[in-house]
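In what follows, a structure is listed as structure tokens, so that the remarks can point back to it.
The values are calculated or read from the model by the stated rules, or taken from the named source; none is laboratory data. Predicted model only: the values in this text are computed from it and were never measured. Here the Cβ is made from the backbone with ideal geometry for all residues, glycine too, and neighbour counts use every protein chain on show. All accessible areas refer to the heavy atoms of the entire protein, side chains included, with ligands and DNA or RNA removed. Shrake-Rupley method; radii C 1.70, N 1.55, O 1.52, S 1.80 Å.
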Amino acid sequence: MKTSVILSTAVKYLIPLLLIFSFFLFLRGHNEPGGGFVGGLVAASAFALFAIANGFDEAKKFMKIEPIMLIALGLLIALLSGLVPMFFGLDFLTGIWFEKNFPIIGKLGTPLVFDIGVYLVVLGISTKIIFSLAEEEK
Amino acid sequence: MLFAALSGFIFVLLIPIINKYAKNSVGWIASIFPLALTVYFISFYTNVIDKGNSILESTSWVPSLGINLSFYLDGLSLTFSLIITVVGFVVFLYAGSYMKNYDSLGKFYIYIILFMSSMIGLVLSDNIITMFVFWELTSITSYLLIGFNHEKETARNSALQALLITGGGGLALLAGLIILSGISGSMSISSLASMNDILTEHRLYAPAALLILIGAFTKSAQFPFHFWLPNAMEAPTPVSAYLHSATMVKAGIYLIARMNPSLGGTELWNYTIMFVGAVTMLFTAVLSFKQTDLKKLLAYSTLSVLGTLTMLIGIGSDLAIKAFMIYLIAHALYKATLFLTAGMIDHSTGTRNIEELQGLRKVMPITAAIAILASLSKMGIIPLIGFVGKETVYAATIEYTNFGFLFITLAIAANIFVVYITMTVGFKPFFGKFRKTPKTPHELPFRMWFGPMLLAFGGLTLGIFSSFIIGKLINNTELGIITAKLNIPVKLWHGFTLELMLSFITVLLGILLFWKRNQLLKYVDNISFIDEITPSYHYQKLFNGTLKLAKLQSRILQNGFLRYYIMVIIISTIILGGTTLFSLGEMDYTGIIEMPGFEEIIIAIVMMTATYMTVRAKTRLAAIVAVGVIGYSIALIYIMYGAPDLAMTQFAIETLTVILFVLVIYRLPGYLPFSSTARRIRDFIIAGAGGLLMSLISIIILSNPLSSELKNYFAKNSYAIAKGKNIVNVILVDFRALDTMGEITVLAVAAIGVFALLKLRKGADEK
């Protein structure tokens, strides 16, 4: 694929914005529209955009971590967040929260951690599929 | 006991680490585990065996369904647990040396530890569902272990065969157990024992009992399901010794014994077990005659013993139960030993063919001594435990009034072959003149002979001191096979009885059979019908037939053209949904009355135009952009109806989908309209009908407002309990987090699937 100068310049500024936006979507999901799923999708499209602008090899380097690892990590985090309440004698996946509020993040609890897992799995899957399709092209 | 049953599943996590840092001693370290469990179970000895108590422990698992992790320790489960852990220890130690050239030794220990834990869980479980879970786990681990040498096609086929048969039996068992809990209203095996009257008189008793028996017979390789066991000899020898002689194949027998107090006492139950056991006992013993492979010979003798054990429960008298227990222990000790010595011979000489093996006693004196000691026990020679076992089996069979004469004849005939097998496996390789073998034989290291020696001497000790150890077990323990305690003492020497004479005749005829082997073989070779009457022939036919049917239906339904798949899905939906809709009769369509607003009409027009453009597009890219427009329009509708979460996700998904499409299209050849006008009209009708059906359903749903309590519940508790104001997200990550968990797992699997498909194609291109 040919890369356009305009696109790759724009992407430089867009990527951080998109990634911050995806994180923002993820965090606000608890009280307002958003959440791990859509956050992960937005992050994935950020990487897809980067790949279109700079090529897929560059995008892979830029991501630093193999998407399959993200999927595994996400599943593990989701699972562990469910196991935590079992140590307190509660059922699997019961939400537990800290009493106190934290700055920026707001409330912190196991459902939020679970959502991080969802975020990572979605990001991992989307980028994995996009990258493997792109690899086929060569 | 909870910890004992589940500790293996935790311990197994350490194996990869041990294997990484101490590859050579993984066998040593792993064998500590069964040893520790042996000590643990022996610590119950006084309580269970001396005092005759039984222990029940329970931890709730899914209490709302009556499924609990409850474990029950009595004479029967303690005996089985000790067999599992002791033989486990021996096999773990042995395998470390026997399999040291395997790259995947760590994997082997993972599988076998998982198996051992499942087996312990199976014999300890008091809850039928928990037991079933462990039961299936043993089938799965057995599959992995039989197919351990997975580069070999025969190993893969045998593993699959064993899994299909035991797994199919497992399904029957599950059905039987569910019927049983339906009748009794209880899931606890120990409480079922007191409900014998209620259970046996119920009209569903016969199906429940037969289904459970099918499960047991498949697992314990009873006729006509026996053929998977000789094939399972493809497994590495330690696996054969452990799973397919000492433990897993006895799970079915354990189940029959365990269920005997609750389901037994009827003619259906006892006669079925008795005759199936007797047929297995004789039929498999006769089949052994033509075998030349050491392990196959042992497999057939195992089958014969399994048949005998089954038959004994069927007879069900006090003496028969006593014989069952002694024979069970004796067999576990000598058969595991003989398998292990067969493995030693194989390891040392490079062959398991009995024709090539003789005169090894000078090069392998320790192996020879161990094998002979175990063989003597197997042949029933005094003073080994096998002697006591065979005597009691004969005594119990003679005593049985209904078919005593028939069964004693069958038992003697089968045992003659067992003696013959023993002579072939335990004596022939060591005596006579030495013959050259593929590898130069040598004696084996301590790790390999220590365990088998321990078991062989165990057989001797238990024989000489039979009145103490086994005697106590049988005399004053709750065995769980019958409700009362047995109170029969065990003795080594009964005097010159009829049984002793029969025992003597058996050994004599067995040796004669071995002596005349070559002449008889020539005669037997001319009889070929045996191969055709065996059930494995029918199994193979059924198996091939199933594959053919599967091929046929995939050719019809999944012919490789994706458009065809979609057509099949839509037509099925139309037919199924449509017939349901019309069978419901007059419907309320008032939901349509409301007039759509201006924006809605605009969006509808945009969508219809986009649809038209998709169909008429001249390039693929144009078609995909048009489909994208439809997706975005749907997102707009979501926004208008107050579902911003959905809309956002829809936007993101639409964007990514277009990117994916573009990536794929990039590779495709130019766009050519292939379809004829007739086909387009056909597709138009199908698509139109599908759309119409969906519209009708939507209107009906709108006309009948759902009165859902869930909606109110979520609205009320979202902030109160789950501390979130966005109900959609709270449902996703908290209220229904388990569903989400399942969904992300499915997504992950799908991603791996996509990746694998693409990689696979790449590999094909390179070729």
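Which residues, taken from the range A:99-110, are open to solvent by 30 Å² or more (accessible area, probe 1.4 Å) and either at pLDDT below 70 or at the interface with chain B (Cβ under 9 Å from one of its Cβ atoms) (or both)?
A:Pro103, A:Ile104, A:Ile105, A:Lys107
Being open to solvent by 10 Å² or more (accessible area, probe 1.4 Å) and either touching a residue at least 60 places away in the same chain (Cβ under 8 Å) or not assigned by TED's automatic domain parsing to the domain that holds B:Val87 (or both) is true for just one of B:Thr440, B:Thr397. Which residue is that?
B:Thr440
Part of a helix (DSSP H, G or I) and more than 8 Å from chain B (Cβ to nearest Cβ), is that true of A:Ile125?
So A:Ile125 does not fit the description; no.
Results for (1) more than 23 Å from B:Thr154 (Cα to Cα); (2) surrounded by 24 or more Cβ atoms within 10 Å (Cβ to Cβ); (3) not aliphatic (A, V, I, L, M), shown as yes or no for each residue.
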| site | (1), (2), (3) |
| --- | --- |
| B:Ser104 | no, no, yes |
| B:Tyr111 | no, no, yes |
| B:Leu114 | yes, no, no |
| B:Met119 | yes, yes, no |
| B:Leu122 | yes, yes, no |
| B:Phe132 | yes, no, yes |
| B:Thr138 | no, yes, yes |
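Considering B:Ser158, B:Ser245, B:Ser142, B:Ser181, which residue is part of a helix (DSSP H, G or I), over 19 Å from the mean Cα position of the chain (by Cα) and either surrounded by fewer than 23 Cβ atoms within 10 Å (Cβ to Cβ) or not aromatic (Phe, Trp, Tyr) (or both)? Talk me through it step by step, then tell me what you get.
Values: B:Ser158 fails: over 19 Å from the mean Cα position of the chain (by Cα); B:Ser245 fails: over 19 Å from the mean Cα position of the chain (by Cα); B:Ser142 fails: over 19 Å from the mean Cα position of the chain (by Cα).
Testing whether each residue is part of a helix (DSSP H, G or I), over 19 Å from the mean Cα position of the chain (by Cα) and either surrounded by fewer than 23 Cβ atoms within 10 Å (Cβ to Cβ) or not aromatic (Phe, Trp, Tyr) (or both) leaves just B:Ser181.
In the list B:Gly458, B:Gly451, B:Gly480, B:Gly463, which residue meets the criterion of being outside the structural domain of B:Tyr94 (by TED's automatic domain parsing), under 33 Å from the mean Cα position of the chain (by Cα), in contact (Cβ under 8 Å) with a residue 60 or more places away in the chain and open to solvent by less than 10 Å² (accessible area, probe 1.4 Å)?
B:Gly451
Here's a check for you: in the range A:79-93, which residue that is among the hydrophobic types (A, V, I, L, M, F, W, C) and within 9 Å of chain B (Cβ to nearest Cβ) is farthest from the chain's Cα centre (by Cα)?
Start the filter on the range A:79-93 by keeping residues that are among the hydrophobic types (A, V, I, L, M, F, W, C), which leaves A:79-80, A:83-84, A:86-88, A:90, A:92-93.
Then keep just the ones that are within 9 Å of chain B (Cβ to nearest Cβ); that gives A:79, A:92-93.
On the way: A:Leu79: 16, A:Phe92: 24, A:Leu93: 21 Å.
Among those that are among the hydrophobic types (A, V, I, L, M, F, W, C) and within 9 Å of chain B (Cβ to nearest Cβ), it is A:Phe92.
If you check B:Ile381, B:Ile370, B:Ile412, B:Ile408, which single one turns out to be modelled with pLDDT under 85 and either surrounded by 21 or more Cβ atoms within 10 Å (Cβ to Cβ) or in the same structural domain as B:Val490 (by TED's automatic domain parsing) (or both)?
Step by step, each of B:Ile381, B:Ile370, B:Ile412, B:Ile408 is checked, and only B:Ile381 is modelled with pLDDT under 85 and either surrounded by 21 or more Cβ atoms within 10 Å (Cβ to Cβ) or in the same structural domain as B:Val490 (by TED's automatic domain parsing) (or both).
Return the residues of the range B:296-340 that are touching a Gly at 6+ places or on another chain (Cβ under 8 Å) and more than 17 Å from B:Leu76 (Cα to Cα); say none if nothing qualifies.
Hits for the range B:296-340 are B:Gly307, B:Thr308, B:Met311, B:Tyr334, B:Thr337, B:Leu338, B:Leu340.
If you scan the range A:69-93, which residues turn out to be surrounded by 19 or more Cβ atoms within 10 Å (Cβ to Cβ) and on the phi < 0 side of the Ramachandran plot?
Of everything in the range A:69-93, those that are surrounded by 19 or more Cβ atoms within 10 Å (Cβ to Cβ) and on the phi < 0 side of the Ramachandran plot turn out to be A:Leu70, A:Ile71, A:Gly74, A:Leu75, A:Ile77, A:Ala78, A:Ser81, A:Gly82.
Of everything in the range B:73-97, what is surrounded by 24 or more Cβ atoms within 10 Å (Cβ to Cβ) and among the aromatic types (Phe, Trp, Tyr)? Give them in sequence order.
Of everything in the range B:73-97, those that are surrounded by 24 or more Cβ atoms within 10 Å (Cβ to Cβ) and among the aromatic types (Phe, Trp, Tyr) turn out to be B:Phe80, B:Phe92, B:Tyr94.
Residue check: is A:Ala51 more than 10 Å from chain B (Cβ to nearest Cβ), open to solvent by less than 70 Å² (accessible area, probe 1.4 Å) and farther than 30 Å from B:Trp61 by Cβ?
Working: more than 10 Å from chain B (Cβ to nearest Cβ): no; open to solvent by less than 70 Å² (accessible area, probe 1.4 Å): yes; farther than 30 Å from B:Trp61 by Cβ: yes.
It is false that A:Ala51 is more than 10 Å from chain B (Cβ to nearest Cβ), open to solvent by less than 70 Å² (accessible area, probe 1.4 Å) and farther than 30 Å from B:Trp61 by Cβ.
With the structure loaded, tell me whether B:Leu636 is of a type in the set (A, V, I, L, M), surrounded by 16 or more Cβ atoms within 10 Å (Cβ to Cβ) and more than 10 Å from every other protein chain (Cβ to nearest Cβ) or whether it fails that test.
Judged against the criteria, B:Leu636 is a match.
Answer yes or no as to whether A:Ile96 is farther than 28 Å from A:Val5 by Cβ, open to solvent by 60 Å² or more (accessible area, probe 1.4 Å), among the β-branched types (Val, Ile, Thr) and more than 7 Å from every other protein chain (Cβ to nearest Cβ).
In short, no.
Which of (1) more than 30 Å from A:Gly55 (Cα to Cα); (2) surrounded by 14 or more Cβ atoms within 10 Å (Cβ to Cβ); (3) more than 14 Å from chain A (Cβ to nearest Cβ) does B:Asp645 not meet, given it meets every other one?
Condition (3) is where B:Asp645 drops out.
Only one of B:Phe684, B:Phe735 is closer than 19 Å to A:Gly29 by Cβ, at pLDDT 80 or above and more than 8 Å from every other protein chain (Cβ to nearest Cβ); which? Give the derivation first.
Details: B:Phe684 fails: closer than 19 Å to A:Gly29 by Cβ.
Among B:Phe684, B:Phe735, only B:Phe735 is closer than 19 Å to A:Gly29 by Cβ, at pLDDT 80 or above and more than 8 Å from every other protein chain (Cβ to nearest Cβ).
Only one of B:Phe339, B:Phe324 is in contact with a Ser or Thr (Cβ under 7 Å, 6 or more places away or on another chain) and part of a helix (DSSP H, G or I). Can you tell me which?
B:Phe339
Between a residue in the range B:191-203 that is not assigned by TED's automatic domain parsing to the domain that holds B:Glu57 and in a helix (DSSP H, G or I) and any residue that is open to solvent by less than 30 Å² (accessible area, probe 1.4 Å) and aromatic (Phe, Trp, Tyr), which pairs come within a Cβ distance under 9 Å, given they are 6 or more apart or on different chains?
Cβ pairs passing all conditions: B:Leu199/B:Tyr205; B:Thr200/B:Trp269.
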